1. Restricting the first residue to the range 111-138 and requiring it to be farther than 24 Å from residue 245 by Cβ, which pairs with a second residue that is polar (S, T, N, Q) meet a Cβ separation below 8 Å and a spacing of at least six or different chains?
2. Scanning the range 227-247 for residues that are open to solvent by 60 Å² or more (accessible area, probe 1.4 Å) and touching a residue at least 12 places away in the same chain (Cβ under 8 Å), which turns out farthest from residue 166 (Cα to Cα)?
3. Tally up the residues in the range 158-178 that are of a type in the set (Val, Ile, Thr) and surrounded by 13 or more Cβ atoms within 10 Å (Cβ to Cβ), please.
4. Being out of contact with any strand residue (DSSP E or B) (no Cβ under 7 Å at 6 or more places or on another chain), surrounded by 14 or more Cβ atoms within 10 Å (Cβ to Cβ) and among the aromatic types (Phe, Trp, Tyr) narrows it down to one residue among 124, 113, 181, 97; which is it?
5. Mind listing whichever residues of the range 145-162 are of a type outside the set (Asp, Glu), in a helix (DSSP H, G or I) and in contact (Cβ under 8 Å) with a residue 40 or more places away in the chain?
6. Kindly indicate whether any position in the range 59-75 is closer than 26 Å to residue 196 by Cα, modelled with pLDDT of 85 or more, aromatic (Phe, Trp, Tyr) and open to solvent by less than 70 Å² (accessible area, probe 1.4 Å).
7. Between a residue in the range 195-208 that is without any contact (Cβ under 8 Å) to a residue 60 or more places away in the chain and any residue that is of a type in the set (Phe, Trp, Tyr) and open to solvent by 50 Å² or more (accessible area, probe 1.4 Å), which pairs come within a Cβ distance under 8 Å, given they are 6 or more apart or on different chains?
8. I'm trying to understand the selection: among the residues of the range 12-56, which are assigned to a helix (DSSP H, G or I), open to solvent by 80 Å² or more (accessible area, probe 1.4 Å) and closer than 22 Å to residue 228 by Cβ?
Amino acid sequence: MPNERLRAALLERGMTIAMLAEAIDVDPKTVERWITKNRTPYRRHRYAVASHLGVDETYLWPDALSNEQVTAASTSELVTLYPHRTSVPRDAWGRLFASAEREIGVLVYSGLFLSEDGGIQRIFADKAKAGVRVRILLGDPDSPQVAERGSDEGVDEAMAAKIRNALVLYKNLRKQDGVEFRLHRTVLYNSIYRADDQLLVNTHVYGVTAAHAPVWHLRRIAGGDLVNTYLESFERVWEGATPIPGD
C-alpha cells in the first residue's frame, strides 16, 4: 500500500518528490520508494521530512516507533509543571503567545485573566495582523455545562458572569480580522493555551478553581504524542462550537 499520508502532505504544500528530496538531501528515487512502496526511512530522515512538512512523524509513519519510544518522547515533551496557575510567571503567558508564528489557540470557560490583560490582547491583535491564526473558545454562558462548572467550583452564577465579562473585554479584539471567537458547550477537563507547538495546559480539579489547579508547560517533539492529544481535543471542541451571536 502506498503511503498516501506522505503523498497528501506533499500535495497540500505544493511540493514535488524532487523538491522534498533536495530539501532533506536524499535521492528523489528514495523519496519515491517511501511513497509508492511505503518504505520506512531512517529515523533522521523521518524527522527531517516531518519537520520540513510541518506534520508529526507518527502521522506519516504510524508504526515506525515502538510504544516505548513514543512514551519516552512524550515524557520529554513536559517542559515544566506548575502546582497552580497562579504559580506561572506573569510574563510566561506573553512569551508563549509572542512566540507563535502560525497558530494561537485558547480553550477556556472564561479565561478572564487573559481578557483583562491589555498586553496579551495586543499580542493577539498584532499576531493576527501578521497572519497568525488566532482562535479563542469561550464557554457558552447559557449552557448547562457552565452552570455545572460554577456549582462544582463553588462560584455558582459567577462562572457565567465571568464569561460575559470576558466577552465585553474582548469587544474590540472580536472585530479584528484574523481573530476568531466561538462559544462551546463541552465539559471542559483542561483549559488549553496554545502557541504553535507549545502549550500551557491548566488541568481542572473538582472543587478547585482553575487558578489553583496545576498547569503543564508542554512542547511538541518528534515522536511524542502528549501534545498531539491536547491539540486534537482542541480541534474537536472547535468543530462543535458556534460563532458568538452578533459577531
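The values are calculated or read from the model by the stated rules, or taken from the named source; none is laboratory data. What you see is a predicted model, and the numbers here were worked out from it, not measured in a lab. As a convention, Cβ positions derive from the backbone with ideal geometry for all residues, glycine included, and neighbour counts pool all protein chains shown. Surface areas here come from the heavy atoms of the whole protein model, side chains and all, with no ligands, DNA or RNA. Shrake-Rupley method; radii C 1.70, N 1.55, O 1.52, S 1.80 Å.
1. 129/176
2. If we take residues in the range 227-247 being open to solvent by 60 Å² or more (accessible area, probe 1.4 Å) and touching a residue at least 12 places away in the same chain (Cβ under 8 Å), then 240 is farthest from residue 166 (Cα to Cα).
3. Looking only at that region, the number is 1.
4. Of the residues listed, the single one that is out of contact with any strand residue (DSSP E or B) (no Cβ under 7 Å at 6 or more places or on another chain), surrounded by 14 or more Cβ atoms within 10 Å (Cβ to Cβ) and among the aromatic types (Phe, Trp, Tyr) is 113.
5. 145, 149, 159, 162
6. Looking for residues that are closer than 26 Å to residue 196 by Cα, modelled with pLDDT of 85 or more, aromatic (Phe, Trp, Tyr) and open to solvent by less than 70 Å² (accessible area, probe 1.4 Å), one finds at least one in the range 59-75, hence yes.
7. Every condition considered, the pairs that remain are 199/216; 201/216; 203/189; 203/216; 204/189.
8. Of everything in the range 12-56, those that are assigned to a helix (DSSP H, G or I), open to solvent by 80 Å² or more (accessible area, probe 1.4 Å) and closer than 22 Å to residue 228 by Cβ turn out to be 12, 43, 44, 47, 52.
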